[in-house]
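Notes for the one structure printed next.
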Amino acid sequence: MTEKSETQSGLARLVGVDRSTVSQLLTGQGARLPNAQVVAECAAALGVSADWLLGLTERPERLADLLATSMTMTEAPRALVDETIFAWHREAAGYKIRHVPATLPDMLKTRAMLHWEYQPQLGRTVNQAIGASEDRLNLMARSGSDYEIALPRHELEAFARAEGYYRGLPDEVRKEQIARLMDLYDQLYPALRIYVFDARRVFSAPVTIFGPLLAVLYLGRHYIAFRDSARVTSFASHFDWLVREADFGARDFPRLLDEMEAEVAR
């Protein structure tokens, strides 16, 4: 009532009861609990949930409002110029960010790699995408956030062999990309930690967990973002499971890069 600047008399008029009824509810001196209709009318008048008024939940939002804010869906265009992603990263500055990318992490790719990958879809705007990728890497480096990435091993093997998604990727681009990964990892570790898991044993869809704030699932055309703590914790536990099951821990990742370099050199 204080937050809504509502008086006892005003709330009584909105609910359709005597002022004395509202007074009894506030003082706790009433002989009876309020009936369901009074609770529902009070909740509606004050813009809160009936469960919260009854002490059954810690969240005052109505269920519809809570669902609307706890889960949202936004478009995920085939481009790196994505202000939504940047906003999420800025919001989570200082928190640990956990990430399972759809391919190799965009912010760790070379300009040549990004140009090969995005030119067919973006045309002339590919340079904007490249700039956005570099901006994201710079943001990560200065934000104070630890960044953990989990990758399936088959993704790295397909890249090294120019198979599947990476079919047609020139040798020189792959060699430069591996050198870039080696250099960045040497610079940023342990703030940047990469784990590699075997997708035949464990699996993950592309997902990013921004500290305790939100978890984002990537569907291809859309992102689904969850903000309620239970779901964020669940996604974080899933990522921690990937880390525990990883074939290559964060300290082992440079050794895997050496293997990839040898694979490209064959």
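Computed from the coordinates by the stated procedures, all read-outs in this text should not be read as laboratory data. Just so we're clear, the structure is a prediction, and the values are computed from it rather than from any experiment. Heads up, the Cβs are rebuilt from the backbone with ideal geometry, glycines too, and the neighbour counts pull from every protein chain shown.
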The value for the chain (convex hull of the alpha-carbon atoms, volume per residue, Å³) is 170 Å³
Taking every DSSP bridge whose two residues both lie in the chain, the antiparallel percent to the nearest 5 is 65 percent
Trypsin sites (Lys or Arg not before Pro) in region 114-216 lying in a DSSP loop, each with at most 11 other Cβ atoms within 10 Å of its Cβ, come to R167, R200, R201
What the Cα atoms of region 133-232 span along the principal axes, largest first and in whole Å, is 45, 32, 26
With +1 at each Lys and Arg Cβ and -1 at each Asp and Glu Cβ, the charge dipole magnitude of region 8-60 around its Cα centre, to the nearest 20 debye, comes out at 120 debye
Here the averaged projected area of region 8-60, based on the convex hull of its alpha-carbon atoms and given in nm², is 3.4 nm²
With the charge dipole of the chain built from beta-carbon charges (+1 for Lys and Arg, -1 for Asp and Glu) about the Cα centre, the Cα from A43, L192, Y165 projecting farthest to the positive end belongs to A43
When the charge dipole of the chain is computed with +1 on Lys and Arg Cβ and -1 on Asp and Glu Cβ about the Cα centre, the Cα farthest towards its positive end, among P60, I224, H238, belongs to P60
Computed about the Cα centre, the charge dipole of the chain from +1 Lys/Arg and -1 Asp/Glu charges at the Cβ has a magnitude in debye, to the nearest 20, of 360 debye
The alpha-carbon center of region 193-266 and that of region 87-106 are separated, in whole Å, by 11 Å
